[in-house]
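Undergrad: If you scroll down you'll find the structure; I have some questions about it.
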């Protein structure tokens, strides 16, 4: 309730973690924002990532009253470091989330639209294992080229 009181225009719903997990799988479109303690947020964000193709697609932000930090929900993926297999989409979307938080809404929208455009056009393809087809570098370059196209 403490957080919700600051946003009287937003409808609140309270769920136990197990019910929230089930609802995220069955009807993910029902949720816009989930507010919870970090431990449950870590578990449910990974579960949510599974509903859309993997955690390599998910941004994350931990936003407090005075500070915020942003990172992909999968962290740094040290187990695949240097193998050109990491999916950069979550990092790029994390950038968009941070830009939005900083009030740079046009830049955030541009970055998010570039990711969507690259995926929808087929220029960026994510394989079954969650890794970008063609590797990390090619995926990043594709997203950057779509950002440049959209910016002009």
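None of the figures in this text is laboratory data; all of them are computed from the coordinates on show. For clarity, every value in this text was computed on a predicted model and none was experimentally measured. No Cβ is skipped: glycine too gets one built from the backbone with ideal geometry, and neighbour counts run over all protein chains shown.
Undergrad: Using the Kirkwood radius built from alpha carbon pairs, what does the Stokes-Einstein equation give as D for the chain at 10 °C and 1.306 mPa s, in µm² per second? Let's see the in-between values first.
TA: On the way: Rh = 16.8 Å.
For the chosen part, D equals 95 µm²/s.
Undergrad: At a 10 Å Cβ-Cβ cut-off, how would you order 98, 36, fewest neighbours first? Don't jump to the answer; show the numbers that get you there.
TA: Numbers: 98 20, 36 15.
Fewest-to-most Cβ neighbours within 10 Å comes out as 36, 98.
Undergrad: Helix 105-120 sits at what angle to the longest principal axis of the chain, using alpha carbons and giving 0 to 90 degrees rounded to 10?
TA: 60
Undergrad: Please find, in a Gaussian network model of the chain (springs between Cα atoms separated by less than 10 Å), the residue of 113, 128, 46 whose mean-square fluctuation is greatest.
TA: 128
Undergrad: So what's the back-of-envelope 222 nm ellipticity for the chain, counting only DSSP H runs of four-plus at -39500 (n - 2.57) apiece and dividing by all residues, rounded to 500? Working shown, then result.
TA: Numbers: 5 runs with 70 residues, N = 152.
Here the helix-only value at 222 nm equals -15000 deg cm²/dmol.
Undergrad: Just rank 69, 14, fewest to most, by other beta-carbon atoms within 10 angstrom. Display every interim value, and only then the final one.
TA: Values: 69 11, 14 8.
Ranking 69, 14 by Cβ neighbours within 10 Å, fewest first, gives 14, 69.
Undergrad: Specify the angular offset, from 0 to 90 degrees and rounded to the nearest 10, of the alpha carbon long axis of helix 38-52 from the longest principal axis of the alpha carbons in the chain.
TA: Between helix and principal axis, roughly 50 degrees.
Undergrad: Once the cut-off is 19 Å, how many percent of the Cα-Cα pairs in region 54-124 end up in the long-distance tail? All intermediate terms of the calculation are to be shown ahead of the outcome.
TA: Working: 966 of 2485 pairs.
Taking all Cα-Cα pairs of region 54-124, the fraction more than 19 Å apart is 39 percent.
Undergrad: Residue 7 to residue 110: FRET efficiency via 1/(1 + (r/R0)^6), r the Cβ-Cβ distance, R0 25 Å, to the nearest 0.05? Please list the in-between numbers first.
TA: Details: r = 27 Å, r/R0 = 1.07.
After rounding, the FRET efficiency stands at 0.40.
Undergrad: Rg to Rh for region 1-52: what is it, with Cα atoms only and Rh by Kirkwood? Intermediate values should be presented prior to the final figure.
TA: Working: Rg = 11.4 Å, Rh = 11.8 Å.
Result for region 1-52 is an Rg/Rh of 0.96.
Undergrad: Now for a different question. Could you give me the percent of Cα pairs per 5 Å distance bin for region 97-140, shortest bin first, beginning at zero and ending with the bin that holds the maximum distance?
TA: P(r) over region 97-140, rounded to whole percents: 5, 22, 22, 18, 16, 13, 4, 0.
Undergrad: Students often check this: by mean Cβ neighbours within 10 Å, which of 23-31, 143-151, 3-11 ranks highest, and how do the rest follow?
TA: On the way: 23-31: 11.4, 143-151: 14.9, 3-11: 8.9.
So the peptides 23-31, 143-151, 3-11, ranked by packing, come out 143-151, 23-31, 3-11.
Undergrad: Can you tell me the relative contact order of region 1-112? Whole percent, Cα pairs under 8 Å, sequence separation 6 or more.
TA: Details: 105 pairs, mean separation 19.6, N = 112.
That works out to 18 percent.
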